[in-house]
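The block underneath contains the structure these notes are about, expressed in structure tokens.
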2 protein chains.
Amino acid sequence: MLGNNHALKIASQKKTPKPNNTADSSLYVSRPLLPDLSRLQEYLEQIWASQWVTNNGSLHIELEKRLSNKLKVPTAMLFNNGTIGLMVALKLFDLPSGSDVITTPMTFAATAHSISWNGLKPVFVDVTEDNLTIDPEAVEAAITANTSAILAVHCYGCICDHEALSAIARKHRLKLIYDAAHAFGSTLNGQSIATLGGASVFSFHATKLFNTLEGGLLTSPNAADQETIYLLRNFGIRDEEQVVSVGINGKLNEVQSAIGLLNLELFEDERLKRRALRGRYLEILKGIDGVIVQETPDNVDNSEQYFLVRIDPLVYGKTRDDLKVALEAKKIYARKYFHPICTDYECYREYPIISVRERPYVEKAKKEVLCLPFHSGVENRHLQIVRDVFRR
Amino acid sequence: MLGNNHALKIASQKKTPKPNNTADSSLYVSRPLLPDLSRLQEYLEQIWASQWVTNNGSLHIELEKRLSNKLKVPTAMLFNNGTIGLMVALKLFDLPSGSDVITTPMTFAATAHSISWNGLKPVFVDVTEDNLTIDPEAVEAAITANTSAILAVHCYGCICDHEALSAIARKHRLKLIYDAAHAFGSTLNGQSIATLGGASVFSFHATKLFNTLEGGLLTSPNAADQETIYLLRNFGIRDEEQVVSVGINGKLNEVQSAIGLLNLELFEDERLKRRALRGRYLEILKGIDGVIVQETPDNVDNSEQYFLVRIDPLVYGKTRDDLKVALEAKKIYARKYFHPICTDYECYREYPIISVRERPYVEKAKKEVLCLPFHSGVENRHLQIVRDVFRR
């Protein structure tokens with residue numbers, strides 16, 4: 001019975017944040033932000049007493065209100081995970097079945113799969129050299145009569161060229177949706193990125209700075225979208241007497257909502273610590289030939305979700321993979337996010353990458369990117385090791 | 001900001017189990033089974049110490065193992081809710097896009113919507129007079145060249161006519177999938193219903209006897225399905241280097257897995273209490289002309305999820321709705337599950353109900369069904385009120 005589960009567990013362990021306690025000196029790329037259990041216990045007592053454990057409970061409503069305020073966006077609706085949020089965002093705009101959605105191959109699998117599962121077709125285009133987000137020129141080159149939307153990704157928390165993308169969307173009457181999984185709390189020119197485009201989807205997975213273990217948020221600048229999203233998230237049920245549209249179950253329960261309320265109190269402190277860590281990484285790594293660190297532009301308030309470096313092997317003399325292995329020998333586990341890119345997946349291998357270059361830049365970038373451990377558990381001793389490994 | 005949320009909350013309150021404490025003497029149709037918080041606290045400390053909060057963690061694996069053993073089925077895989085489990089079950093068999101899936105209109109919205117969201121077409125057929133599950137004769141009448149599967153529902157925990165349905169599925173080379181949302185722990189002729197057909201999906205929503213707040217389980221008699229389901233549930237990711245298929249995020253986190261492990265210890269005791277309650281209801285309600293109680297056949301071990309009565313207004317003299325209102329006046333909140341039926345929804349209103357009768361039986365049944373409060377919080381004083389209201 002369950003014969004395959006052992007092998008599956010082994011495979012999945014590689015994907016999961018692991019402990020950083022004294023017994024295990026390993027350092028992983030992320031570490032879940034978790035509230036004090038004593039604080040959580042108070043909420044649990046409240047939930048257990050009310051016996052209202054899911055279905056738009058009071059903590060769910062309170063968390064949505066606080067997130068709406070924090071992100072300065074009228075519509076902010078919780079989901080059980082970001083992927084279901086993406087699937088609902090794509091349904092929100094009633095895109096024609098089988099139509100093309102232009103997106104980037106340099107992203108987590110959820111972006112492309114949510115398009116496919118919804119009966120739409122992902123069309124992959126190149127990224128910019130500047131910050132590895134979707135290249136507006138490539139987007140424009142990919143548009144056909146069958147295109148219905150652009151699903152752009154603020155990849156690594158780098159913010160897309162919204163001005164160019166929204167001009168293209170307007171010109172070609174396309175919907176513009178943002179996968180903002182890595183960009184919680186970011187602003188662009190002082191404006192919350194949660195208000196950009198037609199809708200944005202955030203991930204609250206354990207690997208994200210602000211997390212609810214699993215979870216997600218769908219935001220929109222339009223208050224009128226609330227009812228449609230509510231229905232899409234809850235089986236199209238308007239009330240006991242009426243089911244008005246097709247919908248699935250995207251609800252977050254009260255226990256995870258409580259974790260969200262508590263983590264929201266911890267968020268800015270952890271973000272500041274990571275910002276300081278980013279500064280330390282920059283000190284250590286800047287000026288190494290062939291190591292490109294991703295700088296935050298002046299007009300962006302960084303989500304501090306990832307710390308990304310790119311290794312140019314021709315200049316640096318060794319590859320990204322060499323560096324990753326060298327760090328692992330010191331028990332520091334960096335990640336090659338987002339390797340493989342979508343067009344490397346078995347299911348999308350025949351899909352081209354549309355680019356205005358002779359060769360898509362993403363094919364070069366995917367071999368160069370490395371995300372270093374980035375959370376408040378990274379200590380000076382770890383930084384020293386990173387420095388030594390990078391500088392040999 | 002969030003202008004609609006107040007109204008939405010009001011609407012959703014109607015859908016949600018509410019407290020049964022001393023201050024509020026209201027009695028609702030369900031009450032979530034919840035473990036002792038002190039026991040849960042031990043698990044939370046363990047999860048917080050490991051910092052492994054989701055992605056196939058050790059509690060998730062342990063709960064799947066115990067459920068596989070309990071339900072005597074080789075493949076038992078957890079989901080974040082039953083709807084996502086249904087969507088994955090439908091993908092498991094690679095049904096042709098746009099093909100017809102025959103199902104019952106007398107079910108919760110998730111059944112039909114999971115078919116629609118997956119790009120398939122629900123075809124609604126009549127139910128049997130005997131136990132309100134899908135009518136095999138109507139199924140056979142509904143089959144066309146475009147039919148790919150039957151999604152049958154063990155509605156109210158009544159078990160479908162599996163022998164007839166599997167013969168039809170075999171004869172017409174259709175996939176047979178069970179929505180077993182209400183039938184956790186049921187057996188048919190001593191055989192776990194989790195092993196019937198190609199796959200079964202259970203709901204672990206708070207309204208279900210065995211619950212994980214939100215959650216679900218996909219079972220299959222084939223151990224070989226484990227890997228496919230694993231991939232469909234986790235973005236098609238095989239390992240750090242390989243994404244092999246389209247998949248979404250159906251993972252259950254460790255906190256909910258812990259609640260599941262604890263509730264599994266409480267399950268049989270609560271089920272026995274409900275079985276005794278069923279006996280009391282039968283004593284009170286049997287012999288009232290026009291009140292039909294749903295009896296459990298000898299060859300079925302009942303899940304004890306719902307207690308269903310049918311009110312024939314021509315014989316009883318009053319309608320189901322009259323009774324519901326009369327109970328509400330006494331603060332006893334029965335539910336007209338599954339009203340509205342799917343063909344009453346705005347999105348399926350144009351869909352016919354295929355039947356071998358002159359008029360679909362389900363159109364009569366939907367006006368007669370009433371689910372009474374059914375959990376260990378129902379006391380003698382409540383039963384006395386129910387008795388008085390029913391017997392006037």
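Read-outs throughout are calculated quantities, based only on the coordinates presented, and are distinct from any laboratory measurement. No experiment lies behind these values; they were computed from the predicted model shown. Cβ coordinates were reconstructed from backbone atoms using ideal geometry, including for glycine residues, and neighbour counts include every protein chain displayed.
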If the convex hull is drawn through the Cα atoms of region A:349-392, its volume per residue in Å³: 137
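Shape of region A:124-201 from its Cα gyration tensor (a ≥ b ≥ c, root eigenvalues): rounded if a/c is under 1.5, otherwise prolate when a/b > b/c, or oblate? It would help to have the intermediate numbers written out before the result.
Details: a/c = 1.91, a/b = 1.44, b/c = 1.33.
In terms of gyration-tensor shape, prolate.
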For peptide B:115-123, what's the mean number of Cβ atoms from other chains within 10 Å of each residue's Cβ? 3
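Of the peptides A:123-130, B:68-75, how do they stack up when ordered by the mean number of other Cβ atoms within 10 Å, highest first? Spell out each step's value before the answer.
Values: A:123-130: 22.0, B:68-75: 19.8.
The peptides rank, most packed first, as A:123-130, B:68-75.
Working from the alpha-carbon coordinates of chain A, get Rg over Rh, Rh being the Kirkwood radius. Show your work: numbers first, answer last.
Working: Rg = 21.1 Å, Rh = 21.9 Å.
That ratio is 0.96, to two decimals.
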Taking a label point 7 Å from Cα toward Cβ, how far is B:Ser97 from its twins in the other copies, in nm, shortest first? 1.0
Size of the dipole of the protein assembly as shown about the Cα centre, Lys and Arg at +1 and Asp and Glu at -1 on the beta carbon, nothing else charged, in debye to 20? 680
Using only atoms on other chains, find how many Cβ atoms lie within 10 Å of each Cβ of peptide A:76-89 and report the average. 3
Low-density loop GluC sites (Glu not before Pro), region A:328-365, at most 15 other Cβ within 10 Å, DSSP non-H/G/I/E/B, are A:Glu350, A:Glu358
Highest mean packing first, using Cβ neighbours within 10 angstrom, the peptides B:138-144, B:318-324, B:177-183, B:52-58 sort as B:177-183, B:52-58, B:138-144, B:318-324
Check every DSSP H run in chain A and write down those whose alpha carbon atoms cover 20 angstrom or more along the long axis and whose mean Kyte-Doolittle hydropathy is 0.5 or greater. none
Evaluate the Kirkwood expression for the hydrodynamic radius of region B:14-148, namely the inverse of the mean inverse distance over all pairs of different C-alpha atoms, and round to one decimal in Å. 18.9
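Taking 29 Å as the cut-off for C-alpha to C-alpha distance, list the pairs among B:Lys72/B:Lys208; B:Lys175/B:Lys336; A:Lys175/A:Lys251; B:Lys72/B:Lys364; B:Lys273/B:Lys330 that go past it. Present the calculation step by step, with values, prior to reporting the outcome.
Details: B:Lys72/B:Lys208 20 Å; B:Lys175/B:Lys336 31 Å; A:Lys175/A:Lys251 25 Å; B:Lys72/B:Lys364 37 Å; B:Lys273/B:Lys330 23 Å.
Beyond 29 Å between Cα atoms: B:Lys175/B:Lys336; B:Lys72/B:Lys364.
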Taking region A:111-247, the whole-percent share of alpha-carbon pairs separated by over 18 angstrom is 60
Could you tell me which residue in chain B puts its beta carbon nearest the axis mapping B onto A, with the distance rounded to whole Å? B:Gly119, 2
What are the extents of the Cα atoms of region B:303-392 along their three principal axes, listed from largest to smallest and rounded to whole Å? 44, 28, 24
Listed residues B:Ile354, B:Ile150, B:Ile47; largest mean-square fluctuation, Gaussian network over chain B with Cα springs below 10 Å, found at B:Ile47
May I ask you to report, in nm to one decimal and beginning with the shortest, the distances from B:Asp344 to the same position in the other copies, taking label points 7 Å along Cα-to-Cβ? 5.3
For region A:26-69 and region A:209-283, write down the distance between their C-alpha centroids in whole Å. 11
What is the Cα radius of gyration of region A:156-209 over 2.2 N^0.38 Å, N being its residue count? 1.17
Determine the principal axes of the Cα atoms in region A:237-379, then give the extent along each, sorted from largest to smallest and rounded to whole angstroms. 68, 44, 36
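Give the average over all directions of the projected area of the C-alpha convex hull of region A:166-322, one decimal, in nm². Display every interim value, and only then the final one.
Numbers: hull surface 53.6 nm².
Projected area, direction-averaged: 13.4 nm².
Within region B:204-289, list the trypsin sites (Lys or Arg not before Pro) lying in a DSSP loop whose Cβ has at most 14 other Cβ atoms in a 10 Å radius. Please report the intermediate quantities before stating the final value.
On the way: sites: B:Lys208, B:Arg233, B:Arg238, B:Lys251, B:Arg271, B:Lys273, B:Arg274, B:Arg275, B:Arg278, B:Arg280, B:Lys286; in loops: B:Lys208, B:Lys251, B:Lys286.
Hits after loop and neighbour filter: B:Lys286.
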Using the Cα atoms of the protein assembly as shown to build a convex hull, what is its mean projected area in square nanometres? 32.3
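Summarise the partner chain shielding of A:347-354 as one whole number: the mean count of Cβ atoms from other chains within 10 Å of each residue's Cβ.
Partner Cβ neighbours, averaged per residue: 1.
Cβ neighbours within 10 Å, averaged per peptide: list B:77-88, A:333-344 in order, most packed at the top.
Numbers: B:77-88: 28.6, A:333-344: 20.2.
The most tightly packed comes first, giving B:77-88, A:333-344.
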List, shortest first and in nm to one decimal, how far the label point of B:Val325 (7 Å from Cα along Cα→Cβ) is from its counterparts in the other copies. 7.8
Take the Cβ-Cβ distance between B:Lys72 and B:Ser25 as r, set R0 to 45 Å, and report the resulting FRET efficiency rounded to the nearest 0.05. 0.65
